[in-house]
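Peer 1: This is the structure, below, for whatever I ask next.
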Amino acid sequence: MSVGVSTSTPLLPDSGANVVTSTFSLADYVVFALLLVLSLAIGLYHAFRGWGRHTVGQLLMADRKMGCLPVALSLLATFQSAVAILGVPSEIYRFGTQYWFLGCCYFLGLLIPAHVFIPVFYRLHLTSAYEYLELRFNKAVRICGTVTFIFQMVIYMGVVLYAPSLALNAVTGFDLWSSVLTIGIVCTIYTALGGLKAVIWTDVFQTLVMFLGQLVVIIVGSAKVDGLGHVWEVASQHGLISGIELNPDPFVRHTFWTLAFGGVFMMLSLYGVNQAQVQRYLSSRTEKAAILSCYAVFPCQQVVLCMSCLIGLVMFAYYQKHPMSTQQAQAAPDQFVLYFVMDLLKDLPGLPGLFVACLFSGSLSTISSAFNSLATVTMEDLIRPWFPQFSEVQAIMLSRLLGFGYGLLCLGMAYISSQMGSVLQAALSIFGMVGGPLLGLFCLGMFFPCANPAGAIVGLLAGLVMAFWIGIGSIVTKMASGVAPSPSNISSFSLPGNLTTIAMTTLMPSTTHSRPTGLQRLYSLSYLWYSAHNSTTVIVVGLIVSWLTGGMRGRTLNPRTISPVFSRLVDLLPLCCQKRFHCESYSQDLSVDTPAFPEKMSNGMLKNSRDKEAMAVPEEGSAHQGNSPTFILQETSL
């Protein structure tokens, strides 16, 4: 099938087609209310359990005692947002199963974080991922990374709350601002009071609700169209079952190479360096548990992707047999799934409410991850370094206030989103634009010992400029030509998290247009290559600037900030190339799990950031030199 061209159309509405009223019954409201009550109860249980004995480490890092299964399900919940629940089935319904090949990128997209990023972060005993940037470069780079992340998440969290509420309002008449306020307030309360442990365990519950809601749609829908075998047969007859498209052109929206390899970089920006995900890895009781949680996400993601694709195919088969209503024929693509579910389950009280609970479970899990990660980086990267005198009680109170503050900010951003109109697509795109440059910044630090702080900052700025240039340019070009902005403008919704792999994937027009040339051609780069393109820009520019400014010559480098994979990769190079990267380490085996900050307290936090700074890079002749790592570059040229 040619990607981007609709191969068939469902039965068109006729004058006798029933109008979908899509009203909620009492049973539906009860099911939906149960989701909110149980989510709040789980959060408050962890908030009041041991009240008065909590530490900052318990609030922000779940005391670093979480098992791999709840962490894995929490990672999955962050990945599976409400936007994906609505977007993926509609993508399959309109364009076929080509998107299914995105599952090929999941393996590398999780294997690499498990063995490249997690060991570095975990052995440094970090709280914020951006602490790494100070250890590897300096405080200025850390602040740049933190501010970039906050900008990304603040814009995202309002949109991800407002967008599904808007779709639900259009289809069911469910009051828009009642749903926005209810979800926002419930999420804010249990996140601010219960901390990361409450977020993780509510994510576990919400993940089960998401699985159940989607499973019900598949079972009921396939039963009404004579089984899954018939669904597959109908899809095959109409050309919806896509073969492997091996076109290497990166400007084609979806091909095997774009989905399987471009998607890897997108996955790395979500599961490798995003604070919402890194924070969950670091909450694991051991490094092995953190790695196992990353492995456990892989089969779960495959199941989730298959279920979403099956819903799209069942929806297609259903509308080959049943005519659409007038509203459905005129609906926006992101409303297709809701119309289908309300039509399918209208005679089964409680089940429409279950699917809406499934939808808002995605929103709750994503937004709570955003709140918690934002509160953590604000506390650890922007407040504690400047106010190290805070007591434990004051730090806990401030962390909770930050959680509440970001909750109120999320509601404010949801209101701003309602006023943005066509600019809303640009706001959605910004989230994806920032992920690639941050990935490039961390890769620059972990794999290139010659990179210095100047190179890191200039590289990050160059990556952001490139990302916004292509992303915003693409949106403006399509708006000027009268074409709805397509997913090529968006790389991912992660929030953590994130954090999902696509946003509004269904906004792609169903017809093909003339091939663009020149700068227009650059603007048509597939959204799945965004992370790869922007992260590569950061690395290349960062290395050039580092070389021009003398690299790391004269500076001391902590070897634990370099990925253990680096030395293995260097060993594969010819001897002449190995000399350029040759490094010598003293008094420290990189495989040893030793805190970068020996004075961290039992709850996993340092007394203050000045202690962190003192421990990060020991000076010559200091008392720490005998048992702290030293990394001396023998050769720093590129």
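Peer 1: Has segment 133-149 got at least one residue that is surrounded by fewer than 24 Cβ atoms within 10 Å (Cβ to Cβ) and modelled with pLDDT under 90?
Peer 2: The answer is no, given that none of the residues of segment 133-149 is surrounded by fewer than 24 Cβ atoms within 10 Å (Cβ to Cβ) and modelled with pLDDT under 90.
Peer 1: Shifting gears a bit: Would you check which residues across segment 89-102 are touching a helix residue (DSSP H, G or I) at 6+ places or on another chain (Cβ under 7 Å) and open to solvent by less than 10 Å² (accessible area, probe 1.4 Å) and list them?
Peer 2: Answer for segment 89-102, where residues must be touching a helix residue (DSSP H, G or I) at 6+ places or on another chain (Cβ under 7 Å) and open to solvent by less than 10 Å² (accessible area, probe 1.4 Å): Pro89, Ser90, Glu91, Ile92, Thr97, Tyr99, Leu102.
Peer 1: Here are some residues: Ser81, Ser128. Which one is over 20 Å from Ala62 (Cβ atoms) and open to solvent by less than 10 Å² (accessible area, probe 1.4 Å)?
Peer 2: Answer to the selection: Ser81.
Peer 1: Which ones in segment 213-246 are more than 17 Å from Phe95 (Cβ to Cβ), part of a loop (DSSP other than H, G, I, E, B) and of a type in the set (A, V, I, L, M, F, W, C)?
Peer 2: Passing the criteria: Val225, Leu246.
Peer 1: Output the residue which, of all residues in segment 382-412 that are open to solvent by less than 50 Å² (accessible area, probe 1.4 Å), part of a helix (DSSP H, G or I) and not small (Gly, Ala, Ser), is nearest to Asn138 (Cα to Cα).
Peer 2: Residue satisfying both the conditions and the ranking: Ile383.
Peer 1: Within segment 48-67, count every residue that is open to solvent by less than 50 Å² (accessible area, probe 1.4 Å) and assigned to a helix (DSSP H, G or I).
Peer 2: 8
Peer 1: Going by what's in this entry, would Gly542 be described as surrounded by fewer than 19 Cβ atoms within 10 Å (Cβ to Cβ), modelled with pLDDT of 80 or more and within 27 Å of Leu133 (Cβ to Cβ)?
Peer 2: No.
Peer 1: Just to be sure, is Asp343 farther than 22 Å from Thr202 by Cβ, part of a helix (DSSP H, G or I) and among the charged types (D, E, K, R)?
Peer 2: For Asp343, the condition - farther than 22 Å from Thr202 by Cβ, part of a helix (DSSP H, G or I) and among the charged types (D, E, K, R) - is met.
Peer 1: Something else now. Just checking, does segment 310-331 include any residue being among the aliphatic types (A, V, I, L, M), open to solvent by less than 10 Å² (accessible area, probe 1.4 Å) and under 28 Å from Ile189 (Cα atoms)?
Peer 2: No, every residue in segment 310-331 fails to be among the aliphatic types (A, V, I, L, M), open to solvent by less than 10 Å² (accessible area, probe 1.4 Å) and under 28 Å from Ile189 (Cα atoms).
Peer 1: For Glu233, all conditions in the list (1) more than 22 Å from the chain's Cα centre (by Cα); (2) modelled with pLDDT of 90 or more; (3) over 16 Å from Gly96 (Cα atoms) hold save one; what is the number of the exception?
Peer 2: (3)
Peer 1: Is it the case that segment 362-381 has a residue that's open to solvent by 10 Å² or more (accessible area, probe 1.4 Å), farther than 22 Å from Tyr190 by Cβ and not hydroxyl-bearing (Ser, Thr, Tyr)?
Peer 2: So far as segment 362-381 goes, no, none of its residues is open to solvent by 10 Å² or more (accessible area, probe 1.4 Å), farther than 22 Å from Tyr190 by Cβ and not hydroxyl-bearing (Ser, Thr, Tyr).
Peer 1: Let me spell it out: the conditions are (1) within 21 Å of the chain's Cα centre (by Cα); (2) open to solvent by less than 10 Å² (accessible area, probe 1.4 Å); (3) modelled with pLDDT of 90 or more, and Leu268 meets all of them except one. Which number is the exception?
Peer 2: (2)
Peer 1: All but one of (1) part of a loop (DSSP other than H, G, I, E, B); (2) open to solvent by 30 Å² or more (accessible area, probe 1.4 Å) hold for Leu525; which doesn't?
Peer 2: Result: Leu525 fails condition (2) only.
Peer 1: With respect to Val216, is the statement that it is modelled with pLDDT of 90 or more and open to solvent by less than 20 Å² (accessible area, probe 1.4 Å) true?
Peer 2: No.
Peer 1: List the pairs whose first member sits in segment 548-571 and is under 14 Å from Glu134 (Cα atoms), whose second member is among the hydrophobic types (A, V, I, L, M, F, W, C) and open to solvent by 30 Å² or more (accessible area, probe 1.4 Å), and whose Cβ atoms are under 6 Å apart, counting only residues at least 6 apart or on separate chains?
Peer 2: That search, which allows pairs on different chains as well, returns Thr556/Val617; Pro559/Leu590.
Peer 1: Please state which one of Val356, Val337, Val341 is within 21 Å of Leu86 (Cβ to Cβ), more than 25 Å from the chain's Cα centre (by Cα), modelled with pLDDT of 85 or more and of a type in the set (Val, Ile, Thr).
Peer 2: Val341
Peer 1: Of the conditions (1) over 15 Å from Val217 (Cβ atoms); (2) assigned to a helix (DSSP H, G or I); (3) not basic (Lys, Arg), Pro250 fails just one. Which one is it?
Peer 2: The single condition Pro250 does not satisfy is (2).
Peer 1: I'd like the full set of residues that are among the aromatic types (Phe, Trp, Tyr) and closer than 17 Å to Leu441 by Cα, limited to segment 111-129.
Peer 2: Answer for segment 111-129, where residues must be among the aromatic types (Phe, Trp, Tyr) and closer than 17 Å to Leu441 by Cα: Phe117, Phe121.
Peer 1: Those residues that are surrounded by fewer than 21 Cβ atoms within 10 Å (Cβ to Cβ) and either part of a helix (DSSP H, G or I) or polar (S, T, N, Q) (or both), I need them from segment 271-288; list them, please.
Peer 2: Answer for segment 271-288, where residues must be surrounded by fewer than 21 Cβ atoms within 10 Å (Cβ to Cβ) and either part of a helix (DSSP H, G or I) or polar (S, T, N, Q) (or both): Thr286, Glu287, Lys288.
Peer 1: When the residues of segment 8-47 are filtered to those that are open to solvent by 50 Å² or more (accessible area, probe 1.4 Å) and closer than 14 Å to Gly350 by Cβ, which remaining residue is modelled with the lowest pLDDT?
Peer 2: Ranking the qualifying residues of segment 8-47, first place goes to Thr23.
Peer 1: Turning to a different aspect of this structure: Considering (1) among the polar types (S, T, N, Q); (2) within 29 Å of Leu124 (Cβ to Cβ); (3) modelled with pLDDT under 65, say which one Asn534 fails and leave the rest.
Peer 2: (3)
The values are calculated or read from the model by the stated rules, or taken from the named source; none is laboratory data. These numbers were taken from a predicted model, which means no experiment stands behind them. In this analysis, Cβ positions are derived from the backbone assuming ideal geometry, glycine residues included, and neighbour counts consider all displayed protein chains. Calculation scope for accessible area: heavy atoms of the full protein, side chains included, ligands and nucleic acids excluded. Shrake-Rupley method; radii C 1.70, N 1.55, O 1.52, S 1.80 Å.
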